[in-house]
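Let me begin by presenting the structure, written as structure tokens, before commenting on it.
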Number of protein chains: 2
Amino acid sequence: MNTDFASIITIGDELLIGQVVDTNSAWMAQELNKIGISIKHRIAVGDVWDDIWYALDEESKQAKIIFITGGLGPTSDDITKPLLCKYFDGKLKIDEDTLAHVTNIFLDVLKRPMIDLNLKQAEVPDTCTVLRNDKGTAPGMMFEKNGKIFISLPGVPHEMKWIMSNVVLPMLPSKVKTTNIEHRTLLTAGIGESFLAELVKEEEIALPPQIKLAYLPNSGMVRLRLTAIGDNKEMLSKQINLYFNAFKIKVKDYLVIDEDLPMHSLIGRLLKDRGQTVSTAESCTGGYIAHLITSIPGASAYFKGSVVSYDNSIKTSVLDVPESTLETFGAVSEETVILMAKNVREIMQTDFSIAVSGIMGPDGGTVEKPVGKVWIAVANNKEISTKSFEFRYNRERNIELTAINALNMLRIAICG
Amino acid sequence: MNTDFASIITIGDELLIGQVVDTNSAWMAQELNKIGISIKHRIAVGDVWDDIWYALDEESKQAKIIFITGGLGPTSDDITKPLLCKYFDGKLKIDEDTLAHVTNIFLDVLKRPMIDLNLKQAEVPDTCTVLRNDKGTAPGMMFEKNGKIFISLPGVPHEMKWIMSNVVLPMLPSKVKTTNIEHRTLLTAGIGESFLAELVKEEEIALPPQIKLAYLPNSGMVRLRLTAIGDNKEMLSKQINLYFNAFKIKVKDYLVIDEDLPMHSLIGRLLKDRGQTVSTAESCTGGYIAHLITSIPGASAYFKGSVVSYDNSIKTSVLDVPESTLETFGAVSEETVILMAKNVREIMQTDFSIAVSGIMGPDGGTVEKPVGKVWIAVANNKEISTKSFEFRYNRERNIELTAINALNMLRIAICG
């Protein structure tokens, strides 16, 4: 198997001082994998001439195609364009199509006069092929040198994505050797990474060298991933499916789903397939569970709403939890979440409901109910199941784990 | 100025196929900056022996201290430990402290018998200094070679963070030359990047070479950042503050805050300082605004709750929006959000309230109300301000922009 690798260089001081988390690379990697291009390397450098230049030299030693994102803005801290112009022995010239596009954005869409800095956006090195950017003023650029391809894209995520999807990805297969990359993922719950590895020991030993196995533990669950790379797509699919099924059978007692799907997408699919609905009553998660559910397109088919009863007065006034329950058992108690789940289901008239109440920290913990203590209830028209947890992480992770576990309890309730 | 640079190598195929977004590096960079260590480079490589080896060689040419995260799990896909053992000419040996710690986790905390794979976690190369990991079974490791320092940490974020905060960061200043790194950030709204650059043209020209300026446009706002690096802390602070104030005065009409603070943290601070409270009534954002507000520790002091009225029936039944309003004007209308804001404020008895209703896509748009169309209302006891937007991005970004703009309207209402 002889295939071309890609490399991604992201540019910007903000990436090196931690002001911004790079989400572009993950998206690009996924899309490139789909058309059979593997990433060898990802590297982030600052807005520093020598560092960018060195990165271009280094990455082109290792990869056939080098993606460069960021540093294309109109301001003086953005040096990618003049650098690429020099690196590829070009001269800056006005690109007429880009100029028309930029002018149109300012005069017709923003209805603002342009300034010189905006016009500069239409300048490109004369050694590049312009990659149209319908979503912004900075065009993408492609250069070819010594048999290598360099693609420069803006760092603004929706602009980068538009150019990738509409210009770059359709063009690449004619430019580079691609292969087939197949991933298969099993999501498991209720078993640790090392015990899972022990369980599938024989299946792992049986794997041929072209199929790689990886474990990804997260939020108390473990994803097990098989990856196969090869030229014959049909044979590759057959082979990976064969091994994947063997793993699937072995982990069946812990299996959540045999796809790389987040829990809230899975919940959405299960409810939609069954024509059922859900609502949530959230205290400590503050609307995060509702947010996860509604981040999926089409959620209105199965999600009706939520009461975020952060303050105890809302538990009483909106969710009809008696003050006496809160006084006797506390807001973080099985009794309270049972009533929250029962009542929100009735108020919103849904098939299922989720209720959570807990202490996410850093403050608010007591000896009896420490930070991380959570009660979760899931109700349907027949029964209410409850469970308590003690997560003891930081606030962000406690919220995340509460949401994931609540959704997992809902999944179990839906599947019976 | 003569200072030591750091480099971060993150290891894992999941980073190169886009299955996981790397949030570790940003956090590490922030913490290292605080103690005066700059990151020169960040690089991600797969679970591939030669690629990791090559990265260690390369990064140690450029940096004094090399951080390595990931690949320390107990399963066979994790090869960082054997590789580091070989790279630093060591032999694996049992570390007694780690063994006691791992044994304790299994027998006392998890109450499960250990298997051989778990014991393997206590093995470390005899050429390393063990870095204690109280949060997990994989210890961190430090190696020194040819005057360079290599620090290997687990990829699980809360384990990495614990070792960094408790072991690595306290130790580093005695091992490497640090300097002072000062960042100052202005958050502006209502002005584009190029117009902002035009506005501060003179201030930019006046900057001395040791102060760098950067523009970070995001969600319709622009952050303007000054960064100064130097050995004399006091002089550095004075100098950067001087220039920072000049920028601040110039952008005053667009200034949101003169700190690098997300909008929801700022809202929290404003409300807390004033002893005021807020509630939200969310349709299209599905609880995301409530989630942002409650992601801040101590939010219970000023946030009482939210009604996520995703389905129209909830707008009527819980938020008392008359069916006739929904029928006449539609759910996405000024009339509807006014009533949602007014009523949720009364139901929750808060000083302020936010209401949003819109079409986030990809489906549900019409010619009259396209995807991205949003109405936002913010109420206090005297008035209700409203605004409509047409974002026209993808679902995720439309939700994000709706939330940010709603919080910005709340900010304006709070500040009068």
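The values are calculated or read from the model by the stated rules, or taken from the named source; none is laboratory data. Given the structure is predicted, the values throughout are model-derived calculations rather than measurements. Glycine gets a Cβ as well: all are built from the backbone with ideal geometry, and neighbour counts include every protein chain shown.
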Residues that are surrounded by fewer than 24 Cβ atoms within 10 Å (Cβ to Cβ) and either more than 7 Å from chain B (Cβ to nearest Cβ) or of a type in the set (Asp, Glu) (or both), drawn from the range A:318-330
A:Leu319, A:Asp320, A:Pro322, A:Glu323, A:Ser324, A:Thr325, A:Leu326, A:Glu327, A:Thr328, A:Phe329, A:Gly330
List the pairs whose first member sits in the range A:367-390 and is at positive phi, whose second member is hydroxyl-bearing (Ser, Thr, Tyr) and crowded, with 24+ Cβ neighbours inside 10 Å, and whose Cβ atoms are under 7 Å apart, counting only residues at least 6 apart or on separate chains?
none
In this structure, is A:Thr98 closer than 24 Å to A:Ile9 by Cβ, part of a loop (DSSP other than H, G, I, E, B) and not aliphatic (A, V, I, L, M)?
no
Does A:Thr350 satisfy the criteria of being of a type in the set (S, T, N, Q) and in a loop (DSSP other than H, G, I, E, B)?
yes
Give me a count of the residues in the range A:52-80 that are touching a helix residue (DSSP H, G or I) at 6+ places or on another chain (Cβ under 9 Å) and closer than 30 Å to B:Glu193 by Cα.
18
Got at least one residue in the range A:348-355 being of a type in the set (D, E, K, R) and either more than 14 Å from chain B (Cβ to nearest Cβ) or free of Cβ contacts under 8 Å to residues at least 24 places away in the same chain (or both)?
no
Given B:Gly365, B:Gly372, which one is in contact with a helix residue (DSSP H, G or I) (Cβ under 7 Å, 6 or more places away or on another chain) and of a type outside the set (A, V, I, L, M, F, W, C)?
B:Gly372
Just give me the residues in the range A:321-341 being assigned to a helix (DSSP H, G or I), touching a helix residue (DSSP H, G or I) at 6+ places or on another chain (Cβ under 7 Å) and in contact (Cβ under 8 Å) with a residue 40 or more places away in the chain, in sequence order.
A:Met340
Those residues of the range B:294-312 that are within 7 Å of another protein chain (Cβ to nearest Cβ) and either touching a strand residue (DSSP E or B) at 6+ places or on another chain (Cβ under 9 Å) or of a type in the set (Phe, Trp, Tyr) (or both) come to a total of 10
Quick check: anything in the range B:28-48 more than 28 Å from A:Gln19 (Cα to Cα), modelled with pLDDT under 95 and either of a type in the set (D, E, K, R) or in the same structural domain as B:Ser152 (by TED's automatic domain parsing) (or both)?
yes
Matching residues in the range B:160-211 - criterion: being of a type in the set (Lys, Arg) and in contact (Cβ under 8 Å) with a residue 60 or more places away in the chain
B:Lys161, B:Lys175, B:Lys177, B:Arg184
Scanning for something assigned by TED's automatic domain parsing to the domain that holds A:Ser60, of a type in the set (A, V, I, L, M, F, W, C) and at pLDDT 95 or above, does the range A:115-124 turn up at least one residue?
yes
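Residue-by-condition table, conditions (1) farther than 30 Å from A:Tyr302 by Cβ; (2) in contact with a helix residue (DSSP H, G or I) (Cβ under 7 Å, 6 or more places away or on another chain); (3) among the small types (Gly, Ala, Ser); (4) not assigned by TED's automatic domain parsing to the domain that holds A:Ala29:
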residue: A:Leu186; (1), (2), (3), (4): no, yes, no, yes
residue: A:Glu198; (1), (2), (3), (4): yes, yes, no, yes
residue: A:Leu216; (1), (2), (3), (4): no, yes, no, yes
residue: A:Lys233; (1), (2), (3), (4): yes, no, no, yes
residue: A:Ile240; (1), (2), (3), (4): yes, no, no, yes
Residues satisfying the stated conditions in the range A:100-127, i.e. surrounded by fewer than 15 Cβ atoms within 10 Å (Cβ to Cβ) and either within 30 Å of A:Asn146 (Cα to Cα) or among the small types (Gly, Ala, Ser) (or both):
A:Ala100, A:Asp126
Of the residues that make up the range A:183-190, is at least one surrounded by fewer than 17 Cβ atoms within 10 Å (Cβ to Cβ) and either within 13 Å of chain B (Cβ to nearest Cβ) or under 18 Å from the mean Cα position of the chain (by Cα) (or both)?
yes
Is it the case, given these coordinates, that B:Val278 is more than 9 Å from chain A (Cβ to nearest Cβ), over 24 Å from the mean Cα position of the chain (by Cα) and either at pLDDT 95 or above or on the phi > 0 side of the Ramachandran plot (or both)?
no
Test: A:Val45 is more than 25 Å from A:Arg184 (Cα to Cα) and surrounded by fewer than 23 Cβ atoms within 10 Å (Cβ to Cβ):
no
Of those in the range A:143-162 that are farther than 17 Å from B:Arg397 by Cα and among the β-branched types (Val, Ile, Thr), the residue farthest from the other protein chains (Cβ to nearest Cβ) is A:Ile149
Within the range B:210-242, considering residues that are in a loop (DSSP other than H, G, I, E, B) and within 13 Å of chain A (Cβ to nearest Cβ), the one nearest to A:Val20 (Cα to Cα)
B:Ser219
With the checklist (1) surrounded by fewer than 21 Cβ atoms within 10 Å (Cβ to Cβ); (2) within 19 Å of B:Gly147 (Cα to Cα); (3) within 9 Å of another protein chain (Cβ to nearest Cβ); (4) not aromatic (Phe, Trp, Tyr) in hand, flag the one item B:Asp51 doesn't pass.
(2)
Looking only at residues in the range A:212-256 that are among the hydrophobic types (A, V, I, L, M, F, W, C) and within 18 Å of the chain's Cα centre (by Cα), which one is surrounded by the most Cβ atoms within 10 Å (Cβ to Cβ)?
A:Leu224
If you scan the range B:33-43, which residues turn out to be at the interface with chain A (Cβ under 8 Å from one of its Cβ atoms) and either more than 29 Å from B:Ala228 (Cβ to Cβ) or not aliphatic (A, V, I, L, M) (or both)?
B:Asn33, B:Ser38, B:Lys40, B:His41, B:Arg42
What number of residues within the range B:375-406 are in contact with a helix residue (DSSP H, G or I) (Cβ under 7 Å, 6 or more places away or on another chain), under 23 Å from B:Leu270 (Cβ atoms) and more than 14 Å from chain A (Cβ to nearest Cβ)?
11
What residue, among those in the range B:274-320 that are assigned to a loop (DSSP other than H, G, I, E, B) and in contact (Cβ under 8 Å) with a residue 60 or more places away in the chain, is farthest from A:Asn312 (Cα to Cα)?
B:Cys284
Can you find, within the range B:163-182, the residue that is nearest to the other protein chains (Cβ to nearest Cβ) among those that are charged (D, E, K, R) and surrounded by fewer than 16 Cβ atoms within 10 Å (Cβ to Cβ)?
B:Lys177
Considering each of A:Thr350, A:Thr366 in turn, give the residue that is hydroxyl-bearing (Ser, Thr, Tyr) and modelled with pLDDT of 95 or more.
A:Thr350
